[in-house]
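Since every read-out is calculated from the coordinates, none of them should be taken as a lab result. As the structure is a computational prediction, the values presented were derived from the model and not from experiment. Every residue, glycine among them, receives a Cβ derived from its backbone with ideal geometry; neighbour counts consider all protein chains shown.
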Amino acid sequence: MTPMTRRQTLALSTTVMSGFLMGAPALAQGRARVVIVGGGFGGAAAARRLRRVDPDVDVTLVTEAAEFTTCPFSNLVIAGERTIESITFGYGALADEGIRIVVGRATAIDPAARLVRMEDGAALAFDRLVLSPGIEMKYDRVPGYSKALEEVMPHAWKAGAQTILLRDQLAALPQGGTVLIAVPNNPYRCPPGPYERASLMAHALSRTNPTAKIIILDAKDSFSKQSLFVQGWEALYPGMISYVPFADNGGILEVDGGEMTITTAFETFKGDVVNFIPPQSAPQFVQDAGLTGEGEWCTVDQATFESADVPGVHVLGDAAIVGDMPKSGFSAAVQGGVCAHVLAALLRDRVPERGVLLNTCYSLVSPGYGISVAGVYRVAEDGHLKSVEGSGGTSPVEATPEFRAAEADHARSWYATLTTALFG
């Protein structure tokens, strides 16, 4: 596969975020109600694009908090390179465009009555519903782990208070101490995220605690951009990061928050800081609405994102299985923009056009050392979103320090472009 140039990747990213991959239909007058649950990348993209494509649609965005803290770049916060405020965004720009912002927690969906029920007892009526609710942690999958234990062994896989907790724990690591990072099996949010986290933790420790160790206990035997990460670890942090794949750990059997240990089939590991990332699923209220069938993730029509189980409901981002597209913030944003065009067509009884979708994922091995992967996807004849042959690609293994530094600069530009497009 031929890697895309960074210029091509950024240009295509901007095009996708601008909504030009699917032409806006000529819409008739009328008002329809679209409720979007989830104020992250997918929900914000869907709300903003739909409002611009069809100003006559009433768009309501439901978000659990008045601000959104991004998972992308949260590892820089953990490493002390950014503040939490720098990755936190409000919804004022969306409200200024006429999007109704409802701050609260959705707890149930009534597809027959076309209602979203809120924790405070309110109900929101819809003609079409878009769900981009993110993930839910499966605290009960590993003996010894629980929601209460996340305050001792934080996952930090939902950015915010958990991010700050893990940052503070890392800063207080004893000299020569050990950090354990437990990584779940696929699927989970942001496949390369744990390995970027290990990298940036190592960056922070290499300056203040150079004899510290980081041990990654993985439920898999390989991971996204592995050769690029390992190359960076060997160059920047020799001997600091140890990767223990499933073949060498046999799976996690138990955790003990009091002893700060993780017991695997072959060995018990003890850490001074334990970043335990549990298995994940679509949120329970989504499962209770029948949107995940017999599983834990939503299945959708991959051209329209409409649920395969509940008509009139569309699911984006981390909660859904969408062909070859990974669970990333950028994937969700692209899906949200495309779904907005789909909704605009369906609400006017038009056949939605089909386009291509893009995912671009940057990872930082250090603040000045970036690596990336890009993918282009199209709905195939079997109805699944599949990678377009010969498109996308990863950073080259053989690259100069200047190239890696440029990739890191591109990562910052990518993040600024994405967050400005959604929240600025």
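Counting only GluC sites (Glu not before Pro) that DSSP places in a loop and that have at most 14 other Cβ atoms within 10 Å, the longest clean stretch of the chain runs over 120-258. Normalised by residue count, the range 139-276 yields a Cα convex hull volume of 101 Å³ per residue.
Treating the beta-carbon of each Lys and Arg as +1 and of each Asp and Glu as -1, no other charges, what is the dipole magnitude of the chain about its Cα centre, to the nearest 20 debye? Provide the component values of the computation, followed by the final result.
Values: 34 positive and 45 negative charges, 202 e Å.
For the chain, the charge dipole is close to 980 debye.
Between Ala340, Ala112, Ala289, the GNM of the chain built on Cα springs shorter than 10 angstrom shows Ala112 fluctuating the most.
Summing +1 for each Lys or Arg and -1 for each Asp or Glu, what net charge is found among the other residues whose Cβ lies under 11 Å from the Cβ of Tyr188? Could you put the intermediate results ahead of the total?
Details: positive: Lys138, Arg189, Lys220, Lys327; negative: Asp318.
Neighbour charge sum, excluding Tyr188 itself: +3.
Axis of helix 193-208 versus longest Cα principal axis of the chain: the two differ by about 40°, to the nearest ten degrees. Which loop trypsin sites (Lys or Arg not before Pro) in the range 122-158, with loop taken from DSSP, have no more than 13 other Cβ atoms within 10 angstrom of their Cβ? Those satisfying the criteria are Lys147. Here, the range 273-359 is characterised by an Rg to Rh ratio of 1.03, where Rg is the alpha-carbon radius of gyration and Rh the Kirkwood radius.
Normalised radius of gyration for the range 200-283, please: alpha carbon Rg relative to 2.2 N^0.38 Å, two decimal places.
Numbers: Rg = 13.9 Å, N = 84, 2.2 N^0.38 = 11.8 Å.
Here the Cα radius of gyration is 1.18 times the empirical estimate.
With springs connecting C-alpha atoms under 10 Å apart, model the chain as a Gaussian network and identify which of Phe403, Phe276, Phe73 has the largest mean-square fluctuation. Of Phe403, Phe276, Phe73, the Gaussian network model singles out Phe403 as fluctuating most.
Taking label positions 7 Å along the Cα-Cβ direction at both Asp127 and Glu81, the computed distance is 4.6 nm, reported to one decimal.
Once the Cα-Cα distance is subtracted from the 0.36 nm per residue extended length, the Ser413 to Ser206 segment shows a gain of 71.9 nm. List, in the order given, every pair from Lys147/Lys270; Lys147/Lys225; Lys225/Lys327; Lys213/Lys327; Lys138/Lys220; Lys138/Lys386 whose Cα-Cα distance in the structure shown is over 23 Å. From the list (Lys147/Lys270; Lys147/Lys225; Lys225/Lys327; Lys213/Lys327; Lys138/Lys220; Lys138/Lys386), the Cα-Cα distance tops 23 Å for Lys147/Lys225; Lys213/Lys327; Lys138/Lys386.
Secondary-structure-derived ellipticity at 222 nm for the chain, considering helices only, amounts to -9000 deg cm²/dmol, per-run term -39500 (n - 2.57) for DSSP H runs with n ≥ 4.
Could you work out the local net charge near Gly323, counting Lys and Arg as +1, Asp and Glu as -1, over the other residues with Cβ closer than 15 Å to its Cβ? Working shown, then result.
Working: positive: Lys327, Arg354, Arg378, Lys386; negative: Asp301, Glu306, Asp318, Asp324, Glu381, Asp382, Glu389.
Summing Lys/Arg as +1 and Asp/Glu as -1 gives -3.
Label sites at Ala148 and Glu254, each approximated as a point 7 angstrom past Cα along Cα to Cβ, lie 1.8 nm apart. Comparing mean-square fluctuations of Pro154, Pro184, Pro245 from a GNM of the chain with C-alpha springs under 10 Å, the top value falls on Pro245.
Contact order normalised by length for the range 139-276, with contacts defined as Cα pairs under 8 Å and 6 or more residues apart; what percent is it? Could the numbers behind the result be given before it?
On the way: 223 pairs, mean separation 46.1, N = 138.
Contact order relative to length: 33 percent.
Between the Cα long axis of helix 41-53 and the first principal axis of the chain there is an angle of about 30°, rounded to the nearest 10. Taking Cβ atoms as reference points and 14 Å as the exclusive limit, the residues near Glu81 contribute a net charge of +3, counting Lys and Arg as +1 and Asp and Glu as -1.
When only Cα pairs under 8 Å and 6 or more residues apart are kept, what is the percent relative contact order across the chain? Worked out over the chain, it gives 22 percent. A DSSP coil position with no more than 15 other Cβ atoms inside 10 Å describes the following trypsin sites (Lys or Arg not before Pro) in the range 286-389: Arg350, Arg354. Once the C-beta distance of Ala112 and Ala161 is scaled by a Förster radius of 35 Å, the resulting FRET efficiency is 0.40 to the nearest 0.05. If you take the Cα centroid of the range 233-294 and the Cα centroid of the range 336-415, the two points sit 27 Å apart.
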